[in-house]
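The values are calculated or read from the model by the stated rules, or taken from the named source; none is laboratory data. In this text, all values refer to a predicted model and were calculated from it rather than measured experimentally. Neighbour counts run over all protein chains shown; Cβ positions are idealised from the backbone, glycine included. Just the protein is used for accessible areas: all its heavy atoms, side chains included, with ligands, DNA and RNA removed. Shrake-Rupley method; radii C 1.70, N 1.55, O 1.52, S 1.80 Å.
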Amino acid sequence: MSALANHPFWKMNGAGNEIVVVDLRGSSHVVTAAEARAIAAGERSRFDQLMVLHRPRTPGTAAYIRIYNTDGSQAGACGNGTRCVAWVLTEETGRDHLVVETVAGLLDCRRTGPHAFSVDMGEPRFGWQDIPLAEEFRDTRAIELQIGPIDAPILHSPSVVSMGNPHAVFWVDDPYAFDLPKIGPMLENHPIFPERANISLAAVKARDHIVLWVWERGVGITRACGSAACAALVAAARTKRTDRAARISLPGGELFIEWREDNHVIMTGPTELEHTGTFDPALFASAA
(Lines give C-alpha, C1' and ligand atoms only; values in the text may rest on other atoms or scores of the structure.)
Protein backbone atom coordinates (compact mmCIF):
# COMPACT_ATOMS: atom_id res chain seq x y z
CA MET A 1 0.00 0.00 0.00
CA SER A 2 1.21 3.50 -0.78
CA ALA A 3 2.60 5.52 2.13
CA LEU A 4 0.18 8.24 1.01
CA ALA A 5 -2.94 6.16 1.67
CA ASN A 6 -5.15 8.00 4.18
CA HIS A 7 -2.57 10.81 4.34
CA PRO A 8 -4.04 14.32 4.81
CA PHE A 9 -3.81 17.03 2.16
CA TRP A 10 -4.88 20.61 1.51
CA LYS A 11 -6.67 21.41 -1.75
CA MET A 12 -6.03 25.08 -2.56
CA ASN A 13 -5.71 27.48 -5.44
CA GLY A 14 -3.57 30.51 -6.16
CA ALA A 15 -5.33 32.89 -8.56
CA GLY A 16 -7.15 29.85 -9.92
CA ASN A 17 -4.04 27.67 -10.29
CA GLU A 18 -5.10 24.34 -8.74
CA ILE A 19 -2.73 23.27 -5.97
CA VAL A 20 -2.55 20.29 -3.61
CA VAL A 21 -0.22 20.54 -0.61
CA VAL A 22 1.05 17.42 1.20
CA ASP A 23 3.22 17.50 4.32
CA LEU A 24 5.81 14.69 4.42
CA ARG A 25 8.21 16.39 6.83
CA GLY A 26 7.72 13.50 9.25
CA SER A 27 8.37 10.83 6.61
CA SER A 28 11.21 9.69 4.37
CA HIS A 29 8.78 8.86 1.57
CA VAL A 30 9.36 10.50 -1.82
CA VAL A 31 6.28 10.75 -4.04
CA THR A 32 6.67 8.81 -7.28
CA ALA A 33 5.50 10.02 -10.67
CA ALA A 34 2.82 7.32 -10.64
CA GLU A 35 1.55 8.44 -7.22
CA ALA A 36 1.42 12.05 -8.41
CA ARG A 37 -0.62 11.07 -11.46
CA ALA A 38 -2.96 9.05 -9.23
CA ILE A 39 -3.53 12.04 -6.94
CA ALA A 40 -4.20 14.27 -9.96
CA ALA A 41 -6.84 11.80 -11.14
CA GLY A 42 -8.76 12.01 -7.86
CA GLU A 43 -11.98 14.00 -7.93
CA ARG A 44 -11.14 15.93 -4.74
CA SER A 45 -7.38 16.08 -5.23
CA ARG A 46 -7.09 17.21 -8.83
CA PHE A 47 -4.16 19.60 -9.25
CA ASP A 48 -2.06 21.58 -11.68
CA GLN A 49 0.82 21.35 -9.21
CA LEU A 50 1.39 19.07 -6.23
CA MET A 51 3.54 20.72 -3.55
CA VAL A 52 5.18 18.11 -1.27
CA LEU A 53 6.85 19.36 1.91
CA HIS A 54 9.96 17.55 3.15
CA ARG A 55 12.33 18.18 6.05
CA PRO A 56 14.46 21.29 5.56
CA ARG A 57 17.80 20.80 3.83
CA THR A 58 19.16 24.26 4.58
CA PRO A 59 19.32 25.77 8.09
CA GLY A 60 16.79 28.55 8.58
CA THR A 61 14.33 27.24 5.99
CA ALA A 62 10.88 25.92 6.87
CA ALA A 63 10.77 23.04 4.38
CA TYR A 64 12.21 21.56 1.22
CA ILE A 65 9.52 21.32 -1.48
CA ARG A 66 9.25 18.90 -4.38
CA ILE A 67 6.89 20.13 -7.09
CA TYR A 68 5.00 17.75 -9.39
CA ASN A 69 2.98 18.49 -12.52
CA THR A 70 -0.20 16.68 -13.49
CA ASP A 71 1.72 14.24 -15.69
CA GLY A 72 4.01 13.24 -12.80
CA SER A 73 7.01 15.23 -14.02
CA GLN A 74 8.79 17.50 -11.57
CA ALA A 75 9.06 21.29 -11.83
CA GLY A 76 11.67 23.64 -10.46
CA ALA A 77 9.31 26.48 -9.60
CA CYS A 78 5.65 27.20 -8.94
CA GLY A 79 4.88 30.66 -7.62
CA ASN A 80 1.19 30.10 -6.99
CA GLY A 81 1.93 26.82 -5.23
CA THR A 82 4.63 28.46 -3.11
CA ARG A 83 2.10 31.01 -1.86
CA CYS A 84 -0.22 28.15 -0.90
CA VAL A 85 2.62 26.43 0.96
CA ALA A 86 3.37 29.73 2.70
CA TRP A 87 -0.24 29.92 3.87
CA VAL A 88 -0.08 26.38 5.30
CA LEU A 89 3.21 27.06 7.09
CA THR A 90 2.28 30.50 8.43
CA GLU A 91 -1.02 29.13 9.74
CA GLU A 92 1.00 26.41 11.50
CA THR A 93 3.67 28.68 12.97
CA GLY A 94 1.91 32.01 13.34
CA ARG A 95 4.83 33.67 11.53
CA ASP A 96 4.33 36.16 8.67
CA HIS A 97 7.73 35.56 7.09
CA LEU A 98 9.52 32.32 6.19
CA VAL A 99 11.89 30.80 3.64
CA VAL A 100 11.31 27.56 1.74
CA GLU A 101 13.60 25.72 -0.65
CA THR A 102 13.05 24.02 -4.02
CA VAL A 103 15.46 22.57 -6.55
CA ALA A 104 15.59 26.09 -8.04
CA GLY A 105 16.82 27.65 -4.76
CA LEU A 106 15.58 29.54 -1.70
CA LEU A 107 12.24 31.37 -1.85
CA ASP A 108 11.47 34.17 0.62
CA CYS A 109 7.73 34.35 1.46
CA ARG A 110 5.92 37.17 3.25
CA ARG A 111 2.27 37.50 4.24
CA THR A 112 0.74 40.70 2.84
CA GLY A 113 -2.87 40.04 3.89
CA PRO A 114 -5.07 37.34 5.47
CA HIS A 115 -4.85 35.24 2.30
CA ALA A 116 -2.21 37.07 0.25
CA PHE A 117 1.54 36.55 0.03
CA SER A 118 4.59 37.89 -1.76
CA VAL A 119 7.25 35.44 -2.92
CA ASP A 120 10.76 36.32 -4.01
CA MET A 121 11.03 34.13 -7.12
CA GLY A 122 14.74 34.77 -7.48
CA GLU A 123 16.66 36.02 -10.50
CA PRO A 124 15.65 35.37 -14.11
CA ARG A 125 18.16 33.71 -16.41
CA PHE A 126 18.53 34.69 -20.04
CA GLY A 127 21.47 32.67 -21.36
CA TRP A 128 20.45 30.11 -23.97
CA GLN A 129 22.26 27.36 -22.04
CA ASP A 130 20.47 28.33 -18.81
CA ILE A 131 16.91 28.30 -20.14
CA PRO A 132 17.88 25.83 -21.76
CA LEU A 133 17.66 25.94 -25.56
CA ALA A 134 18.96 23.29 -27.94
CA GLU A 135 21.06 25.75 -29.91
CA GLU A 136 22.79 29.06 -29.34
CA PHE A 137 20.85 32.32 -29.47
CA ARG A 138 22.88 35.32 -28.41
CA ASP A 139 19.78 37.46 -27.86
CA THR A 140 16.94 35.65 -26.12
CA ARG A 141 14.65 38.67 -26.18
CA ALA A 142 13.38 37.19 -29.48
CA ILE A 143 14.40 33.84 -30.94
CA GLU A 144 13.72 32.31 -34.34
CA LEU A 145 10.68 30.13 -33.75
CA GLN A 146 7.37 30.26 -35.55
CA ILE A 147 4.16 28.35 -36.09
CA GLY A 148 2.41 28.45 -39.46
CA PRO A 149 3.47 29.44 -42.99
CA ILE A 150 6.91 31.04 -43.35
CA ASP A 151 5.49 34.14 -45.04
CA ALA A 152 2.54 34.49 -42.63
CA PRO A 153 3.25 32.72 -39.31
CA ILE A 154 0.50 32.44 -36.71
CA LEU A 155 3.02 33.00 -33.91
CA HIS A 156 6.67 33.95 -34.10
CA SER A 157 9.74 35.40 -32.34
CA PRO A 158 9.03 34.58 -28.69
CA SER A 159 11.03 35.98 -25.80
CA VAL A 160 12.54 33.16 -23.74
CA VAL A 161 13.61 33.16 -20.10
CA SER A 162 14.10 30.78 -17.19
CA MET A 163 12.36 31.41 -13.89
CA GLY A 164 13.58 28.09 -12.49
CA ASN A 165 11.77 26.49 -15.43
CA PRO A 166 11.81 27.37 -19.15
CA HIS A 167 9.34 29.89 -20.58
CA ALA A 168 8.55 31.13 -24.08
CA VAL A 169 6.43 34.28 -24.34
CA PHE A 170 4.73 35.11 -27.66
CA TRP A 171 3.55 38.72 -28.04
CA VAL A 172 0.03 39.00 -29.48
CA ASP A 173 -2.87 41.44 -29.57
CA ASP A 174 -5.39 39.01 -28.04
CA PRO A 175 -4.22 35.79 -26.35
CA TYR A 176 -7.68 34.26 -26.56
CA ALA A 177 -7.86 34.65 -30.34
CA PHE A 178 -5.57 31.61 -30.68
CA ASP A 179 -6.23 27.90 -30.27
CA LEU A 180 -3.73 27.45 -27.45
CA PRO A 181 -5.01 23.96 -26.50
CA LYS A 182 -4.01 22.85 -30.02
CA ILE A 183 -0.73 24.72 -30.52
CA GLY A 184 0.43 24.56 -26.90
CA PRO A 185 1.50 20.89 -26.98
CA MET A 186 3.44 21.38 -30.23
CA LEU A 187 5.35 24.33 -28.83
CA GLU A 188 5.91 22.76 -25.40
CA ASN A 189 7.59 19.80 -27.07
CA HIS A 190 9.40 21.70 -29.84
CA PRO A 191 12.97 20.41 -30.35
CA ILE A 192 14.36 23.84 -29.49
CA PHE A 193 13.33 23.16 -25.86
CA PRO A 194 15.26 20.06 -24.64
CA GLU A 195 13.44 20.19 -21.27
CA ARG A 196 10.14 21.26 -22.83
CA ALA A 197 8.77 24.73 -22.05
CA ASN A 198 5.86 26.70 -20.65
CA ILE A 199 4.15 28.54 -23.50
CA SER A 200 2.53 31.95 -22.91
CA LEU A 201 0.50 34.24 -25.13
CA ALA A 202 0.87 37.79 -23.83
CA ALA A 203 -0.91 41.02 -24.73
CA VAL A 204 0.50 44.26 -23.35
CA LYS A 205 -2.45 46.52 -22.57
CA ALA A 206 -0.52 49.30 -20.81
CA ARG A 207 2.92 49.97 -19.37
CA ASP A 208 1.69 48.33 -16.17
CA HIS A 209 -0.79 45.72 -17.42
CA ILE A 210 -0.36 42.41 -19.29
CA VAL A 211 -3.07 39.89 -20.21
CA LEU A 212 -1.69 36.34 -20.21
CA TRP A 213 -2.86 32.86 -21.24
CA VAL A 214 -0.59 29.92 -20.47
CA TRP A 215 -0.04 26.37 -21.67
CA GLU A 216 1.90 24.90 -18.77
CA ARG A 217 4.59 22.28 -19.27
CA GLY A 218 3.38 18.91 -17.99
CA VAL A 219 -0.08 20.27 -17.19
CA GLY A 220 -1.79 21.91 -20.18
CA ILE A 221 -4.09 24.90 -20.08
CA THR A 222 -4.09 26.41 -16.61
CA ARG A 223 -6.08 29.23 -15.05
CA ALA A 224 -2.90 30.80 -13.72
CA CYS A 225 0.84 30.22 -13.73
CA GLY A 226 2.95 32.30 -11.36
CA SER A 227 6.34 31.63 -12.93
CA ALA A 228 4.86 32.42 -16.38
CA ALA A 229 3.56 35.74 -15.05
CA CYS A 230 7.07 36.50 -13.78
CA ALA A 231 8.60 35.48 -17.10
CA ALA A 232 6.12 37.64 -19.04
CA LEU A 233 6.85 40.76 -16.97
CA VAL A 234 10.60 40.29 -17.19
CA ALA A 235 10.45 39.65 -20.93
CA ALA A 236 8.17 42.67 -21.45
CA ALA A 237 10.52 44.94 -19.51
CA ARG A 238 13.57 43.58 -21.38
CA THR A 239 11.90 44.41 -24.70
CA LYS A 240 10.76 47.87 -23.49
CA ARG A 241 7.08 46.92 -23.73
CA THR A 242 6.41 47.69 -20.07
CA ASP A 243 8.01 49.12 -16.97
CA ARG A 244 9.53 46.81 -14.34
CA ALA A 245 6.27 46.28 -12.45
CA ALA A 246 2.87 45.28 -13.79
CA ARG A 247 -0.48 43.70 -13.08
CA ILE A 248 -0.82 40.34 -14.84
CA SER A 249 -4.38 39.28 -15.70
CA LEU A 250 -4.89 35.53 -16.07
CA PRO A 251 -8.11 33.52 -16.54
CA GLY A 252 -8.20 32.66 -12.82
CA GLY A 253 -7.27 36.02 -11.34
CA GLU A 254 -4.56 38.65 -11.10
CA LEU A 255 -0.97 38.72 -9.91
CA PHE A 256 1.31 41.68 -9.33
CA ILE A 257 4.89 41.19 -10.51
CA GLU A 258 7.85 43.46 -9.83
CA TRP A 259 11.35 43.02 -11.27
CA ARG A 260 13.44 44.84 -8.72
CA GLU A 261 16.67 46.68 -9.43
CA ASP A 262 18.57 43.95 -7.52
CA ASN A 263 17.39 41.56 -10.30
CA HIS A 264 14.98 39.64 -8.04
CA VAL A 265 11.41 39.05 -9.24
CA ILE A 266 8.68 39.50 -6.60
CA MET A 267 5.26 37.96 -7.13
CA THR A 268 2.27 39.00 -5.00
CA GLY A 269 -1.12 37.33 -5.15
CA PRO A 270 -3.96 35.52 -3.38
CA THR A 271 -4.42 32.04 -1.96
CA GLU A 272 -7.61 30.14 -1.23
CA LEU A 273 -8.23 26.99 0.78
CA GLU A 274 -10.92 24.97 -0.99
CA HIS A 275 -11.04 21.95 1.32
CA THR A 276 -8.96 19.46 3.26
CA GLY A 277 -9.12 15.69 3.05
CA THR A 278 -7.24 12.40 3.14
CA PHE A 279 -6.18 10.33 0.16
CA ASP A 280 -8.39 7.34 -0.61
CA PRO A 281 -6.14 4.22 -0.66
CA ALA A 282 -7.96 3.11 -3.82
CA LEU A 283 -6.35 6.03 -5.67
CA PHE A 284 -3.00 4.31 -5.53
CA ALA A 285 -3.99 0.85 -6.75
CA SER A 286 -2.73 1.62 -10.26
CA ALA A 287 0.35 3.41 -8.91
CA ALA A 288 1.41 0.26 -7.08
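The figures follow:
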| quantity | calculated |
| --- | --- |
| Heavy-atom accessible surface of the chain: percent carbon and sulfur, 1.4 Å | 49 |
| Equivalent ellipsoid dimensions for the chain as semi-axes, Å, which come from the Cα gyration tensor, largest first | 31, 21, 17 |
| For the chain, calculated [θ]222 nm from helices alone, where every DSSP H run of n ≥ 4 adds -39500 (n - 2.57) | -5000 deg cm²/dmol |
| Unit charges on C-beta of K, R, D, E only; dipole of the chain, Debye | 300 |
| Euclidean distance of C-alpha centroids, region 86-162 and region 40-72, integer Å | 17 |
| Packing-based order for 109-122, 156-169, 133-146, using average beta carbon neighbours within 10 Å, highest first | 156-169, 109-122, 133-146 |
| Cα shape, region 1-121, gyration tensor, a/c 1.5 rule | prolate |
| Charge dipole magnitude, Cβ of K and R +1, D and E -1 - region 71-131, Cα centre, debye nearest 20 | 160 |
| Estimated dipole of region 14-75 in Debye, rounded to 20 [Cβ of Lys and Arg +1, of Asp and Glu -1, Cα centre] | 260 |
| Per residue, in Å², the accessible surface of region 139-288 once ligands and nucleic acids are set aside, probe 1.4 Å | 42 |
| Amide N proximity, region 227-263 versus residue 141 label position 7 Å along Cα-to-Cβ, cut-off under 16 Å | 232-244 |
| Trypsin sites (Lys or Arg not before Pro) restricted to region 31-63 and DSSP loop, no more than 11 other C-beta within 10 Å | 57 |
| Formal net charge of residues neighbouring residue 137 (Cβ-Cβ distance under 12 Å; K, R +1; D, E -1) | -3 |
| Residue among 255, 106, 233 with the largest mean-square fluctuation in a Gaussian network model of the chain, springs linking Cα atoms under 10 Å | 106 |
| Aspartates and glutamates with Cα under 18 Å of residue 205, excluding same-chain neighbours fewer than 8 positions away | 173, 174, 243, 254, 258 |
| Protection proxy ranking of 16-29, 269-282 - average other beta-carbon atoms within 10 Å, highest first | 16-29, 269-282 |
| Heavy-atom accessible area per residue - region 1-92, 1.4 Å, Å² | 34 |
